[in-house]
Amino acid sequence: MRSAGLPRSAWADGLPRPPQPLVMGIVNVTPDSFSDGGRWADTDRAVEHGLALLEEGADLLDVGGESTRPGATRPLLTEELDRVVPVIRELVAADAAVSVDTMRHEVAAAALEAGAVMVNDVSGGLADPAVLDVVAGAGAAYVAMHWRAHAQQMQQHAQYADVVVEVRDELAQRVATADRAGVDLDRLVLDPGLGFAKTADHNWSLLQRLPELGELGLPLLVGSSRKSFLGTLLADADGTPRPVDEREDAGVALTTLAAMQGVWGVRVHQVRGSRDALRVLERWSRTPGRVGPR
Ligand code: PMM
């Protein structure tokens, strides 16, 4: 039985804005993503995984066919299309709201045609500016993530005087460019891009100062799930990073912290823990405060 997630119809009039953050479940149809590379690489397994995330209560499924882990090489356009389009089609047929994680306008267009409601562009329109035209033309929702360079070079660009101020300013430029291209600003979501041209310290600063990014007046999405800064944080005494699939509990803690700072959504690999954390937070926040002296 499918549990608590938002129905696909919630996207009919644009970006849903529920009181609690949305939970975006990740479906990487890639042989080489750092967090789950290869696990869901064929259509059937990816669809099965997406359906399992829906059962756990995902509001939205983010289907991606390009690994963006540091050092990754880009797939051919045809490979990316072959990976994501059949998966999107099947998940849409199962009534899921789907976003496509792509930096290519051809993939964005094919995904929207297949029924995706949102384009999640980790380059915020920098890698392929025509993505913005496709999104504008379709009236689709759009995630503009903070990004400085493709995976092969991005860690050389992890240099900031004040990471939060610079990420905010660079995102503001992406908003202006998206606006000029005709993207509906009511359907635009911003993402600080944890791990993309960022060191662990940069990620922690961004997570701690999310409200400063909120000053741009747009909803925020945060993707911390399984990323290497959590592996480092949770490393063994000998410095061995915590394996990727043993970082979930820390990810749930970050879902809670992000939700307390008012984010619009969290992008996660396992939905259930984040969904539970949001229920706890919702119940906690509507409990009346203590009145009078203790
Ligand atoms: N991270 C990854 C891929 N896509 N999209 C958004 N909006 N935000 C992110 O932080 C983000 C993303 C890389 O992580 P993965 O390999 O676990 O999907």
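The values are calculated or read from the model by the stated rules, or taken from the named source; none is laboratory data. All values reported here derive from a predicted model rather than from experimental measurement. Quick reminder, even Gly has a Cβ in these numbers, built from the backbone with ideal geometry, and neighbours come from all protein chains shown. SASA here: full protein model, heavy atoms, side chains in, ligands and nucleic acids out. Shrake-Rupley method; radii C 1.70, N 1.55, O 1.52, S 1.80 Å.
Kindly evaluate residue 275 against the criterion of being open to solvent by less than 40 Å² (accessible area, probe 1.4 Å), over 21 Å from residue 198 (Cβ atoms) and touching a residue at least 40 places away in the same chain (Cβ under 8 Å).
Here the answer is yes, as residue 275 does meet what is asked.
Across segment 102-152, what is the number of residues that are within 16 Å of the ligand (Cβ to nearest atom) and without any contact (Cβ under 8 Å) to a residue 40 or more places away in the chain?
10
So that you can scan it fast, the table gives a plain yes or no per residue for (1) at negative phi; (2) within 14 Å of the ligand (Cβ to nearest atom); (3) touching a residue at least 24 places away in the same chain (Cβ under 8 Å); (4) open to solvent by less than 40 Å² (accessible area, probe 1.4 Å):
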residue	(1), (2), (3), (4)
44	yes, no, no, no
52	yes, no, no, no
60	yes, yes, yes, yes
64	yes, yes, yes, yes
70	yes, yes, yes, no
74	yes, yes, yes, no
77	yes, no, yes, no
82	yes, no, no, no
92	yes, no, yes, yes
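Considering only residues that are of a type in the set (S, T, N, Q), closer than 18 Å to residue 122 by Cα and not in a helix (DSSP H, G or I), which ones fall in segment 222-274?
Let us first name the residues in segment 222-274 that are of a type in the set (S, T, N, Q), namely 224-225, 228, 232, 240, 255-256, 261, 270, 274.
Narrowing further to those that are closer than 18 Å to residue 122 by Cα: 224-225, 228.
224, 225 - these are the residues of segment 222-274 that are of a type in the set (S, T, N, Q), closer than 18 Å to residue 122 by Cα and not in a helix (DSSP H, G or I).
What do you reckon, is residue 231 farther than 20 Å from residue 162 by Cα and away from the ligand (no atom under 16 Å from the Cβ)? Please lay out each step first, then the result.
Working: farther than 20 Å from residue 162 by Cα: yes; away from the ligand (no atom under 16 Å from the Cβ): no.
No, not satisfied.
Determine which member of the set 105, 49 is modelled with pLDDT of 95 or more and touching a Phe, Trp or Tyr at 6+ places or on another chain (Cβ under 8 Å).
49
Of the numbered conditions (1) under 30 Å from residue 280 (Cβ atoms); (2) in contact with a helix residue (DSSP H, G or I) (Cβ under 8 Å, 6 or more places away or on another chain), residue 100 satisfies every one except a single condition; which is it?
Failed condition: (1).
Filter segment 201-222 down to the residues that are touching a strand residue (DSSP E or B) at 6+ places or on another chain (Cβ under 7 Å) and free of Cβ contacts under 8 Å to residues at least 60 places away in the same chain, then identify the one that is nearest to residue 167 (Cα to Cα).
The selected residue is 213.
Mind listing whichever residues of segment 94-109 are out of contact with any Lys or Arg (no Cβ under 6 Å at 6 or more places or on another chain) and open to solvent by 30 Å² or more (accessible area, probe 1.4 Å)? I'd like the intermediate steps shown before the answer.
Of all residues in segment 94-109, those out of contact with any Lys or Arg (no Cβ under 6 Å at 6 or more places or on another chain) come to 94, 96, 98-109.
Selection gives 94, 104, 105, 106, 109.
Among 134, 143, 163, which is the only one that is touching a Ser or Thr at 6+ places or on another chain (Cβ under 9 Å), surrounded by 23 or more Cβ atoms within 10 Å (Cβ to Cβ) and among the aliphatic types (A, V, I, L, M)?
Of the residues listed, the single one that is touching a Ser or Thr at 6+ places or on another chain (Cβ under 9 Å), surrounded by 23 or more Cβ atoms within 10 Å (Cβ to Cβ) and among the aliphatic types (A, V, I, L, M) is 143.
Take the residues of segment 234-256 that are among the small types (Gly, Ala, Ser) and farther than 14 Å from residue 200 by Cα: which is nearest to the ligand (Cβ to nearest atom)?
Initial filter on segment 234-256 (among the small types (Gly, Ala, Ser)): 235, 237, 239, 250-251, 253.
Applying the additional criterion that residues be farther than 14 Å from residue 200 by Cα yields 237, 239, 250-251, 253.
Details: 237: 26, 239: 23, 250: 14, 251: 10, 253: 17 Å.
Only one residue tops the list, namely 251.
Can you name the residue in segment 186-202 that is more than 10 Å from the ligand (Cβ to nearest atom) and either of a type in the set (A, V, I, L, M) or in contact with a helix residue (DSSP H, G or I) (Cβ under 6 Å, 6 or more places away or on another chain) (or both) and is also farthest from residue 16 (Cα to Cα) among such residues?
Looking at residues that are more than 10 Å from the ligand (Cβ to nearest atom) and either of a type in the set (A, V, I, L, M) or in contact with a helix residue (DSSP H, G or I) (Cβ under 6 Å, 6 or more places away or on another chain) (or both), I get 200.
Looking at this structure, is residue 87 within 16 Å of the ligand (Cβ to nearest atom) and either surrounded by fewer than 24 Cβ atoms within 10 Å (Cβ to Cβ) or not polar (S, T, N, Q) (or both)?
In short, yes.
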